[in-house]
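Encoded as structure tokens, the structure appears first; notes follow it.
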Amino acid sequence: MTNLFPSPQWPTVPVKGETAAYPVHRIFCVGRNYAAHAAEMGVEVDREAPFYFTKSALMAQATDTTIPYPPGTENFHYEMELVIAIGAPVFKADTERAAKAIYGYACGLDMTRRDLQLAARAKQRPWDLGKDVEQSAVFAPITKAGEFAAPGPQRIHLEVNGETRQEARLDDLIWKVEEIVSHLSHYYHLQPGDLIMTGTPAGVGAVVAGDVITGGIDGLDPIKLTIGAAE
Ligand code: MN
């Protein structure tokens, strides 16, 4: 049967050293995974289990581009994150099997309409308008896990117009990468194409049209995003 209109093209993320790209299937995001960020948001870290929100795969955006300032917000925030790329089916896995399913890592930006997220949070409503924002999941190229040391003392940082705003180390992550993959695998049949944004360090803040965001994690390709005028 033909389609009534063209089916959307799944976004892809380049992989360092590969000519083939990594097609995005789903985007999971971990909330409150750095204690200092939870504190700046005025909330406690839940140390019993991580929690998640999602972004549509179609919200994925390549690095080194300009996106328009999104509609409906006056407080558009950056969040610099380590991204896990799943490379094998993983379901109800322990941390050891979960670690083996990690294909690679990338720098990511979880761009957020903070005013809408906080308004939803206050009313105990879902976060979608704040988080599932068009073009809001920005990914730098993936580095394969074998070419990256286990997350540990690497510096994770973000600058706006060259000025440092976020700075931490990957071992500040409350839930470690294999713990996140293991936990999430008890709720989803994780598979290649699933990306997990692992949370952001302290120092989140607003950007305006004309701002240039840069970020990096030691050992991974850096990320860059320019904020354009509102449409
Ligand atoms: Mn985030």
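A short reminder: the numbers here are calculations on the coordinates, not readings from a lab. Only a predicted model underlies this, so the values are computations on that prediction, with no experimental measurement involved. When we count neighbours, we look across all protein chains shown, and the Cβ atoms used for this are built from the backbone with ideal geometry, even at glycine.
Exposure proxy for R114, R155: other Cβ atoms within 10 Å of each Cβ, ordered fewest to most, give R155, R114. Taking a ≥ b ≥ c as the square roots of the Cα gyration tensor eigenvalues, the stretch 12-115 comes out oblate, since a/c reaches at least 1.5 and a/b does not exceed b/c. For K123, the aspartates and glutamates whose Cα falls under 13 Å of its own Cα, not counting residues fewer than eight places away in the same chain, are D115. In this structure, the pairs whose alpha-carbon distance is over 21 Å, taken from K131/K224; K16/K100; K176/K224; K92/K131, are K176/K224; K92/K131.
Working from Cα pairs under 8 Å separated by at least six residues, relative contact order for the stretch 116-205 is 19 percent. One compactness figure for the chain is 0.97, namely its Cα radius of gyration divided by 2.2 N^0.38 Å.
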